[in-house]
Amino acid sequence: MSSGDLECSHEALDALRQTGSVQHLRGLLVLAEVLEPREEQLALFKRDIKVCLDEVTDPHDKTVLARYTRWHLMPLAHHRLERSGLNRFPREHLRRKLQTAHVLLAHIRRRGSTLDSVTQTLIDRWLIANKSGQNQAAVLAPGRHLQLDPQNVAIATATRTVDRSIMSDADRILTALRLETDESDHIANRVAGCLILRYGLRTDRLVKLTTDHVLVHPEEPGVLGLQLGRDPLWLRPQLSTASGGARHETEAYIAVFNVQEIEPGAYRYDTLSHGLVPVDADLRRAAMEHLTYQQDFFTTSSFGVITTALTERMAWKYPHPRAYKLMLHNVGHLIQVFTTTATALGYGAAITGAFRDTELEHALNITDTSEFPTFFMSCGTPQLTPEGLPAVFRPPARPTRH
């Protein structure tokens, strides 16, 4: 360098074999302000990119890899640099991602395909055979079978969504519901899409799933399941009630009076089994009428529902008084769903928030102070006039003046 045979620049030093002596000389020149300071690991990563691209012989693969590094890997490197600094370990991780993408593109080309026309089966086989490259290849070949734009689908809890827009909860749920009900697409595609949208699994966690892993419950034909391990995972129906923070603090007790194939008595709705569990509680018609101040809602109804709230579930995520507002919002939504569903099925529904709190807690054997009743609902076959109006109704009483 002193004789003029080597230019005094970062580029000239980059062309040399990166030994300790070269790095030491570069550091001295920077300290002496002969060379401009630079982010060394970022520069080395750019050198890694150049070396990798020089090894690619196919022009199309080189173009794809160049775009991959420009629009995905380099933003990741700059993001890491701004957040906590870029050292050799993240740089090595990014270099492996680039190398894995190179190997995957070569594999696709050897099979006579391109990234635009590659089938999911070909991607799946490569990922299964190259387990170490599953995470690195997830962005280059993201779940092509899902009919979802990977730039617009990102789970909010993911940590690798630097410049992707997070899908809102409403869009995520609506898209999952569409995949559940749209029978025009293949069942495997719908299952994979629902797993990503509802459970937050990345596509590289789904590549081993086949249609053989999709099960139908032997006792509940409408319930599907996945054989993810030794025991099947049954995918329960989508909950139809709102829940702030997804805490689902509302519980339900059912008083059955006249329902086919169900013995009259008191039950509790069990969310895990999606069924009714008998409980020791006095919820006969007379008791229900007494608890609701003789409003005649349960005199001829077929069944009644009592909702309670478990404050600990909500307080776990919202440890402040706002939790009570969310509880009331949730139970209000549940009541609306109950009445509209009953009406849509041709039944009649009645609701009331006027009940004897203390006596109801004794009737339901509620001893924990973290649980309290919130509402009453009843349902039955309505008596209607030929015009479709209630045959018997009671007008509101005139207010009493004192």
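Where a number appears in this text, it was derived from the coordinates with a stated rule and is not lab data. Bear in mind that the values here come from a model prediction, so they are computed numbers and not experimental data. Glycine gets a Cβ as well: all are built from the backbone with ideal geometry, and neighbour counts include every protein chain shown.
With the simple spin-label model, which puts each label point 7 Å out from Cα in the Cβ direction, the Ile351 to Ala391 separation comes to 2.6 nm. Other residues lying with their Cβ under 11 Å from the Cβ of Ala12 contribute a combined charge of -3, Lys and Arg counting +1, Asp and Glu -1.
Computed from the C-beta positions of His10 and Leu328 and an R0 of 60 Å, the FRET efficiency is 0.40 to the nearest 0.05. Net charge in the neighbourhood of Glu361 (other residues with Cβ under 11 Å of its Cβ; Lys, Arg +1, Asp, Glu -1) is -3. Once the chain from Arg230 to His274 is taken as fully extended at 0.36 nm per residue, the excess over their C-alpha distance is 13.6 nm. In this label model, Asp282 and Phe372 are separated by 2.4 nm, measuring between points 7 Å along each Cα→Cβ vector.
A Förster radius of 56 Å combined with the Cβ-Cβ distance from Asn130 to Glu359 puts the calculated FRET efficiency at roughly 0.25. Residues of the range 343-368 falling in the label zone of His290, defined by backbone nitrogen less than 17 Å from a point 7 Å along Cα to beta-carbon, are 355-366.
Taking other C-beta atoms within 10 Å as the exposure proxy, Asp212, Asp124, Asp296 rank Asp212, Asp296, Asp124 from fewest upward. Taking 7 Å steps out from each Cα toward its Cβ at Val337 and Arg47 produces label points 6.0 nm apart. Given their separation in residues at 0.36 nm each and the Cα-Cα distance between them, Thr300 and Ala315 gain 1.6 nm when the chain is fully extended.
Within the shell defined by Cβ-Cβ distances under 13 Å, the residues around Leu86 carry a net charge of +2, with Lys and Arg each +1 and Asp and Glu each -1. Take 267-275, 102-110 and order them by the average number of nearby Cβ atoms within 10 Å per residue, most first; the result is 102-110, 267-275. Here r is the Cβ-Cβ distance between Arg70 and Glu219 and R0 is 45 Å; the resulting FRET efficiency, rounded to 0.05, is 0.25. Note on the range 244-380: Cα Rg divided by 2.2 N^0.38 Å, N the number of residues, gives 1.03.
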